[in-house]
Amino acid sequence: MTDIPSKAEILKFISDNPTQTAKRDIAKAFGIKGAARIDLKRLLKELEDEGLLEKRKKTYRDPDRLPPVSVLLVGETTDDGDLTARPLEWEGEGPEPEIHVLLRNSDPALGPGDRILARLTLLEEDERVGDHQYDARLIRKIGTNPRRILGIFRKTAEGGRIVPIDKGADLEWLVPPGAIHGAKDGELIEAEQAGPRSRMGLPRARVVARLGDPTAPRAVSLIAIHQHGIPDAFPDRVVEEADGMKPAGLSGREDLREMPFVTIDPSDARDHDDACYVEADSAEDNRDGWVIWVAIADVAHYVQTGSALDREARKRGNSTYFPDRVVPMLPDRLSGDLCSLHEGVPRASIAVRMRITAQGHKIGHDFHRVLIRSVASLHYAEVQAAMDGQTNDRTGPLLEDVIKPLYGAYAALRSARQERQPLDLDLPERRIVLSEEGEVTSVNFRDRLDAHRLIEEFMILANVAAAETLIAKKSPLLFRVHEEPPAEKLEALRETAQAAGFTLAKGQVLRTRHLNDLLNAAAGTEQAELINMSTLRSMTQAYYSPVNFGHFGLALANYAHFTSPIRRYSDLIVHRALISSHKWGDDGLKEEDVERLEDTAAHISETERRSMMAERDTTDRYLAAYLSERVGSEFPGRISGVARFGAFVRLDETGADGLIPIRSLGREYFHHDREEMTLMGADSGVVITPGQRVMVKLVQAAPVTGGLELELITLEDKEMPGGGGSQGRKGGFKPGRKRPGTSPRRKLAKAKKKTAKTKRKVTRTRRS
């Protein structure tokens, strides 16, 4: 009779022979034949049920060890130059093992996000360095990242399903039993597409990360961070490098510590990277002029090209700001300490001294590497209150010698601004206020004070000075570029303006003053928001470039970002260029920076867009959470856009955007005219177009997706035919409303559609 091995003997064999894990391999190794195979099968099943073995098709393996051939996701390169990877099918109890990929000269180049099939070697204890447990040899490169899904996991009998959190994503994803990776029902998870569609027609996915309770306080920004792939944890090497930094001293710097610089920021500012000081110009040739000093934290002293800090800062591109947290470009040791111009603390800075006339024209500037000491960290509201006659203990002593000169210089710059005529959009900024628990307590619009505007004007002037200096010194740099609107977008804006009763000049070179004339004409009218939003939509998106194409929106020929190197990598490049061109030290722009300037520009333009989308999505989710307790309430708003599937409405109270689904407008057919941006009822003749005033009911608010579903109650103070709403009661055409198809343009469009329909019928007849 054949002896059946013990469970321990089976486990040891599988551990020692990871490539021989089929049942027949195990039977052969122990000489098990005939009826004894039934007992072996029973033992293997018991080991599987106990979680000590995992069955994979016809083989078994230890779940706490990786199979000898695995699919890996390539990660970052270590400081020693080793390429790391993580397994995509780890189901062990402990943390994922660390894998180093050993490349041969003949292997293709690999980078973060690549997927590879690799042969793994488990290292002995004495061969390991840190958590490095496996070496991997490339078999073949599979491809780049598959589609990623962020959603809520729902446990089912066949494994699970994922309900995506993206607005408009109606399709669920099926998760097979072996791809759940411990996810729990109702948990927020990150998954990736895996394999073909299931028999139910749903795409398959595997869970790759568990993110916790989606309803927990402060989970909203966490969702956006993962959804948009924003790096939110600094590698240990980067933190160690930052923690080892010491404050810069006076060596090689001008001492401006006695100059009364002040920082002016929001009351909840997380960092202070710019400080200002203004004094009257004593030069005889500039009567009533001003001297403006702007000092910016000298980040380049601490973050030098090629360092771990530099690589991580470039990777992030910029800081990302959420209502409850900030994902910084630099660790807190720098962003919140050494590079933050705290009150009363000496701080290394790069300062620009600018002379302006009484009319606000810059007549000279020069840059200095300095050490300053801010006399006060002020916020906008208290500075404005001081100028309005309400000083406090902080602003009172500074009013005459520090605060009033700031406003004097601002008055001069405001005159120059009016002459230059940069684009003057009126787009209120929302402010979401959270409780300590992370719940929304209020949503309002930020005040726009002269204190805000004067800092903005000083920063713009400093950015212009940086660009002009580096151009004059023939230094490479990154410009902030904003090109003029394309012709088709201008034509769309012109048509919108005409429909609203306004005029945008045509047949001449477009200047920002022409757009400002349109905005001023609409100011104070019911169409003001529509014209402002339409003008914004007609603009191209600003970006970074080593080639100067000017800044259309600011009406400036030369513009570069210099004033925020704590939170923008572009500004750090400009600081390095200033250091090199002034020969202030060896921590300036390196050949490596110059060689990859174009790639850096493209990369940080993309990270900026990524942050903007993440911040917008987070705002939408917070607004949906805030409004979720008011489902059923009615709100005034304005149509902000139309699509074939419905109309978008911006609510007056919060600025939140919601959708009126076309199915809720009634039983009649609504035709979508893309060119004229309208939805028109086939029976009633009701025309829905951007800019119209509406009253809507909140039907649904989904905090996880940020979506709001609305029901249209009134349009331009008139009830929808038959009452509108989801009941779909069909009403007649209301007197006084323009009947469809009466304008020449509509008649022409109708005739074209009819002709196209006839052609399709003829084509189908010929084919049949």
Any hit, the stretch 340-349, residues being in contact with a Ser or Thr (Cβ under 6 Å, 6 or more places away or on another chain) and assigned to a strand (DSSP E or B): yes
Among (1) on the phi < 0 side of the Ramachandran plot; (2) open to solvent by 60 Å² or more (accessible area, probe 1.4 Å), the one test that R369 misses: (2)
L110 being at pLDDT below 85, part of a loop (DSSP other than H, G, I, E, B) and touching a Phe, Trp or Tyr at 6+ places or on another chain (Cβ under 7 Å): no
Failed item, numbered, when V375 is tested on (1) surrounded by fewer than 22 Cβ atoms within 10 Å (Cβ to Cβ); (2) farther than 30 Å from W584 by Cα; (3) in contact (Cβ under 8 Å) with a residue 40 or more places away in the chain: (2)
Residue in the stretch 253-292 that is farthest from A358 (Cα to Cα), counting only those that are hydrophobic (A, V, I, L, M, F, W, C) and open to solvent by 20 Å² or more (accessible area, probe 1.4 Å): A269
Residue identified as modelled with pLDDT of 95 or more and either part of a helix (DSSP H, G or I) or among the β-branched types (V, I, T) (or both) among A601, A560: A601
Matching residues in the stretch 629-641 - criterion: being within 18 Å of I660 (Cβ to Cβ) and outside any strand (DSSP E or B): R630, V631, G632, S633
R480 vs. criteria surrounded by 15 or more Cβ atoms within 10 Å (Cβ to Cβ), touching a residue at least 60 places away in the same chain (Cβ under 8 Å) and basic (K, R): yes
Residue in the stretch 658-672 that is of a type outside the set (S, T, N, Q) and under 19 Å from R616 (Cβ atoms) present: yes
Conditions (1) closer than 11 Å to G637 by Cβ; (2) among the hydrophobic types (A, V, I, L, M, F, W, C); (3) crowded, with 22+ Cβ neighbours inside 10 Å; number of the one not met by I688: (1)
Residues located in the stretch 443-458, provided they are touching a residue at least 40 places away in the same chain (Cβ under 8 Å) and touching a strand residue (DSSP E or B) at 6+ places or on another chain (Cβ under 7 Å): V443, F445, A451, I455, F458
Answer residue from the stretch 575-592, given it is open to solvent by less than 10 Å² (accessible area, probe 1.4 Å) and touching a Pro at 6+ places or on another chain (Cβ under 8 Å) and is nearest to Q227 (Cα to Cα) among those: H575
Matching helices (runs of 4 or more DSSP H) fully within the stretch 431-524 where at least 3 residues are more than 27 Å from the chain's Cα centre (by Cα) and at pLDDT below 90: 487-499
Restricting the stretch 600-651 to residues that are of a type in the set (A, V, I, L, M) and surrounded by fewer than 17 Cβ atoms within 10 Å (Cβ to Cβ), the residue that is nearest to I165 (Cα to Cα): M613
Residues satisfying the stated conditions in the stretch 378-403, i.e. over 18 Å from I292 (Cβ atoms), within 33 Å of the chain's Cα centre (by Cα) and open to solvent by less than 30 Å² (accessible area, probe 1.4 Å): E382, Q384
The listed residue being at pLDDT 95 or above, more than 25 Å from E488 (Cβ to Cβ) and part of a loop (DSSP other than H, G, I, E, B), out of I566, I573, I579: I566
Filtered residues of the stretch 102-119 (kept if surrounded by fewer than 11 Cβ atoms within 10 Å (Cβ to Cβ), of a type in the set (G, A, S) and under 35 Å from the mean Cα position of the chain (by Cα)): A109
Criterion: in contact (Cβ under 8 Å) with a residue 60 or more places away in the chain and either out of contact with any strand residue (DSSP E or B) (no Cβ under 9 Å at 6 or more places or on another chain) or closer than 22 Å to L461 by Cβ (or both) - qualifying residue of P346, P266: P266
Test: residue in the stretch 595-602 that is in contact with a strand residue (DSSP E or B) (Cβ under 9 Å, 6 or more places away or on another chain), of a type in the set (S, T, N, Q) and either free of Cβ contacts under 8 Å to residues at least 24 places away in the same chain or more than 30 Å from Q418 (Cβ to Cβ) (or both): yes
Residue under evaluation I32, criteria (1) modelled with pLDDT of 75 or more; (2) open to solvent by 40 Å² or more (accessible area, probe 1.4 Å); (3) in a loop (DSSP other than H, G, I, E, B); (4) in contact with a Leu (Cβ under 8 Å, 6 or more places away or on another chain), criterion not met: (2)
Residue list for the stretch 493-549, filter: hydrophobic (A, V, I, L, M, F, W, C), in contact (Cβ under 8 Å) with a residue 60 or more places away in the chain and surrounded by fewer than 16 Cβ atoms within 10 Å (Cβ to Cβ): A523, L536, V547, F549
Of all residues making up the stretch 554-574, the number that are open to solvent by 10 Å² or more (accessible area, probe 1.4 Å), under 20 Å from R420 (Cα atoms) and either among the small types (G, A, S) or in contact with a Phe, Trp or Tyr (Cβ under 9 Å, 6 or more places away or on another chain) (or both): 5
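The values are calculated or read from the model by the stated rules, or taken from the named source; none is laboratory data. Quick caveat, the model's predicted, so the values are computed rather than measured. Neighbour counts are summed over all protein chains in view; Cβ atoms, including those assigned to glycine, are modelled from backbone coordinates with ideal geometry. Protein only, heavy atoms only, side chains kept; ligands, DNA and RNA dropped before computing areas. Shrake-Rupley method; radii C 1.70, N 1.55, O 1.52, S 1.80 Å.
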